[in-house]
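Enquirer: Sharing a structure below in structure tokens format, with a few things to ask.
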Amino acid sequence: MKKIFTLKAGLLSLLLVGFGIIGSSSGLMAQGDVYALPTETFVAPSVAIQRLDAGLAPLKHTLTQNPEGSSAYKTASTKINAYYYAKDAIENGKSVAEGIVAGLYGATAAPVVPPSNPTFAATSQQNSTLSSGNGWLLQIRQELINLLKI
């Protein structure tokens with residue numbers, strides 16, 4: 001009898017903890033979903049490319065105004081990667097939603113010299129210093145969605 005009561009109490013505890021975890025994460029995207037295709041309605045690919053180009057200018061300016069290694073510099077560098085990867089994917093026939101996902105992969109990749117601008121010197125970065133967890137990646141995802149949705 002005691003074993004059954006202990007087992008039921010243990011299962012109830014696990015169930016309540018599970019509901020607590022699920023309840024506390026409402027409104028947040030699980031890490032595995034960061035790379036899911038966004039479902040919003042987006043602008044045409046040509047408009048998306050124009051908006052990404054326009055968004056790159058202030059990010060490049062941030063690089064020139066901040067010392068390499070600073071938080072602002074690292075954040076701008078990461079966003080530049082995301083914008084270039086998104087733009088490249090869209091220019092190569094991917095949908096805008098697919099471009100956003102490509103941008104997220106770009107944000108986590110080692111910095112590259114973008115093929116469309118070989119004189120731009122991308123620098124190394126430590127993505128983990130931007131913030132803990134994947135919160136910074138979710139922010140970039142939302143920024144790209146907001147920039148490119150209708």
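What follows draws every value from the coordinates through simple rules; no lab data is involved. Computed from a predicted model, the values in this text were never measured in an experiment. Ideal geometry is used to build each Cβ from the backbone, glycine not excepted, and the neighbour counts take in all protein chains shown.
Enquirer: What ranking do Ser95, Ser46 get, fewest neighbouring Cβ atoms within 10 angstrom at the top?
Expert: The order, fewest Cβ neighbours first, is Ser46, Ser95.
Enquirer: Taking the beta-carbon count within 10 Å as an exposure proxy, list Leu104, Leu144, Leu59 from fewest neighbours to most.
Expert: Ascending Cβ contact count within 10 Å gives the list Leu59, Leu104, Leu144.
Enquirer: Can you tally the net charge around Ala82? Count Lys and Arg as +1, Asp and Glu as -1, for every other residue whose Cβ sits under 14 Å from the Cβ of Ala82.
Expert: +2
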